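Worksheet: one structure, shown below.
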Amino acid sequence: MQYLTRGTIIENTYEIMEEIGSGGGGIIFKAKHLRLQTDVVVKKIKDEVREKVEIRQEADILKKLKHPYLPRVYDFIETQDGVYTVMDFISGESLDAAVKRHGKFSQKQVKKWAVQLGEALDYLHSQRPPIIHSDIKPANIMITNEGNVCLIDFNISLAMGGQMESAVGISAGFSPPEQYRDSEIYARITHNYTIRKSDHGEWEEKTKLLWEDIEEEKTELLLQAEDKTHTAINSDFSQYIQYFGQGIDTRSDIYSLGITFYYVLTGIEPPAEFDQRIPVTQMGVSVSEGCGIVLEKMMELSPADRYQNGGEFLQAVRNCHKLDSRYQAMHRKLTFLRIASLVSLAFGIVTVFIGLYKIRFDKNSNYYRTVHEAQEVMKLYDFEEADRQQMLENIDRDYTKMQELKDGGCFLDQ
């Protein structure tokens with residue numbers, strides 16, 4: 001692959017300024033758009049990767065992406081010298097550099113970034129077909145000047161339906177088991193990672209190896225790796241060897257993102273060997289119970305046990321507080337109180353209805369009792385004879401009064 005030097009101009013538009021990174025998919029350069037006078041990123045796709053994929057189709061898919069936590073892909077160029085993608089230049093600091101400078105970050109800060117990256121993965125995984133980043137790690141996450149994050153360095157060969165049977169590379173410590181082709185590859189990479197780390201004292205981008213590069217390892221390294229493989233198979237190797245070669249999918253991004261958060265929360269680089277990682281809850285860091293549960297689920301060796309895509313993870317991280325035992329105990333208490341309140345309310349309503357019914361019943365009972373008593377009284381007395389006697393008494397009284405008036409000369413003779 002032809003190397004681009006400072007001052008090289010691609011398609012009379014992009015002037016190479018400096019190399020800023022290298023990965024399994026290609027070499028990344030900072031460049032300047034000569035007409036617009038703006039900084040961009042030019043990624044030269046490695047020839048061995050170029051031969052494996054339908055670059056034009058995938059580049060067209062990537063160019064349509066638009067999300068606040070993803071760089072925009074502006075251009076795709078094919079020349080005799082190579083294949084290039086041009087995208088946003090994100091100014092700021094990589095998450096890897098930030099951890100090495102600052103040390104571990106608080107859960108509050110990491111949760112903010114987790115939500116943002118969850119939104120980005122939800123967007124990518126919701127595309128049809130889903131888009132797999134396949135190389136999530138601290139070095140590929142930028143912290144912008146505003147304090148937000150941006151997921152950068154998309155590999156080519158991402159937009160694929162179904163599972164990818166192979167990947168363009170592996171980042172030791174951050175790639176999931178299914179991204180390793182077989183146990184021999186796993187042994188070689190972990191051995192190589194250990195040697196490089198001990199030689200340089202830190203994790204470097206060079207730990208990322210292409211399948212083709214791996215096949216060209218020296219004979220001495222291969223022999224040492226075979227011994228490591230034999231030892232691993234006889235220990236806890238069976239925990240994850242069953243997942244080798246299964247191919248990556250949306251769940252692979254979840255694993256890599258989980259390991260990235262593990263690194264940011266603890267400030268400690270994850271080991272290349274899967275069975276040597278210590279649970280985050282045992283690392284002496286201030287992490288809530290719910291956050292620890294979400295993180296451990298993300299880093300499950302079995303893809304089936306992880307969150308299945310960015311959408312599931314986003315929902316989980318937004319509601320991780322609900323997984324705390326104290327929250328659940330309080331939730332159960334509140335639920336009990338709500339149920340008790342509803343029961344009390346129902347009992348009160350029933351009591352009121354019973355009271356109203358009793359009042360109405362008593363009122364009706366009194367009414368009918370009074371009517372009955374009146375009827376009984378009426379049976380005891382002859383009211384018609386009483387009325388006749390009263391009438392006769394009235395007539396007799398009136399007649400007597402008239403006689404008295406007549407005797408007194410009050411009437412004139414006619």
Margin query: Within segment 311-318, does at least one residue satisfy the condition of being farther than 14 Å from Ala114 by Cα and in a helix (DSSP H, G or I)?
Written below: no
Next item on the list: Residues being part of a helix (DSSP H, G or I) and closer than 16 Å to Glu312 by Cβ: count how many of those fall in segment 241-259.
Entry: 9
Notebook entry, point to check: When segment 260-299 is examined, which residues are found to be closer than 15 Å to Val317 by Cα and either of a type in the set (Val, Ile, Thr) or not assigned by TED's automatic domain parsing to the domain that holds Leu314 (or both)?
Noted result: Thr260, Val287, Ile293, Val294
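Please tell me if Ile20 is modelled with pLDDT under 90, part of a strand (DSSP E or B), outside the structural domain of Ala114 (by TED's automatic domain parsing) and crowded, with 18+ Cβ neighbours inside 10 Å.
Details: modelled with pLDDT under 90: yes; part of a strand (DSSP E or B): yes; outside the structural domain of Ala114 (by TED's automatic domain parsing): yes; crowded, with 18+ Cβ neighbours inside 10 Å: no.
When the stated conditions are applied, Ile20 does not pass them.
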Check: Would it be correct to say that Val53 is buried (at least 17 other Cβ atoms within 10 Å of the Cβ) and modelled with pLDDT of 85 or more?
Finding: no
Next item on the list: List the number of the failed condition for Ala232; all other conditions in (1) at pLDDT 80 or above; (2) surrounded by 17 or more Cβ atoms within 10 Å (Cβ to Cβ); (3) not polar (S, T, N, Q) hold.
Entry: (1)
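For segment 286-300, name all the residues that are more than 18 Å from the chain's Cα centre (by Cα) and either modelled with pLDDT of 95 or more or surrounded by 17 or more Cβ atoms within 10 Å (Cβ to Cβ) (or both). Talk me through it step by step, then tell me what you get.
At the first step, the residues of segment 286-300 found to be more than 18 Å from the chain's Cα centre (by Cα) are 286.
Matches in segment 286-300: none.
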Notebook entry, point to check: Take the residues of segment 111-134 that are among the polar types (S, T, N, Q) and touching a strand residue (DSSP E or B) at 6+ places or on another chain (Cβ under 9 Å): which is nearest to Leu70 (Cα to Cα)?
Noted result: Gln116
Checklist line | Number of the exception - Arg251 against (1) at pLDDT 90 or above; (2) surrounded by fewer than 16 Cβ atoms within 10 Å (Cβ to Cβ); (3) of a type outside the set (S, T, N, Q) | finding: (2)
Check: Picking from Gly103, Gly118, which residue would you name as being small (Gly, Ala, Ser), surrounded by fewer than 14 Cβ atoms within 10 Å (Cβ to Cβ) and within 25 Å of Ile293 (Cβ to Cβ)?
Finding: Gly103
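Just wondering, is there one or more residues in segment 111-132 that are charged (D, E, K, R), under 23 Å from the mean Cα position of the chain (by Cα), within 29 Å of Ile185 (Cα to Cα) and modelled with pLDDT under 95?
First, the residues of segment 111-132 that are charged (D, E, K, R): 111-112, 119, 122, 128.
Remaining after also requiring under 23 Å from the mean Cα position of the chain (by Cα): 111-112, 119, 122, 128.
Those left that are additionally within 29 Å of Ile185 (Cα to Cα): none.
No, segment 111-132 contains no residue that is charged (D, E, K, R), under 23 Å from the mean Cα position of the chain (by Cα), within 29 Å of Ile185 (Cα to Cα) and modelled with pLDDT under 95.
Which residue is farthest from Pro130 (Cα to Cα), if the candidates are limited to segment 65-87 and must be part of a loop (DSSP other than H, G, I, E, B) and either touching a strand residue (DSSP E or B) at 6+ places or on another chain (Cβ under 8 Å) or aromatic (Phe, Trp, Tyr) (or both)? Walk me through how you get there before you give the answer.
Residues of segment 65-87 that are part of a loop (DSSP other than H, G, I, E, B), as a first pass: 65-72, 79-82.
Right, trim to either touching a strand residue (DSSP E or B) at 6+ places or on another chain (Cβ under 8 Å) or aromatic (Phe, Trp, Tyr) (or both) and you get 65, 69-72, 79, 82.
Values: Leu65: 12, Tyr69: 17, Leu70: 15, Pro71: 17, Arg72: 17, Thr79: 28, Gly82: 26 Å.
Only one residue tops the list, namely Thr79.
The values are calculated or read from the model by the stated rules, or taken from the named source; none is laboratory data. Everything numeric in this text was worked out from a predicted model, so none of it was measured. Positions of Cβ are generated from backbone atoms using ideal geometry, with glycine treated the same way; all protein chains shown enter the neighbour counts.
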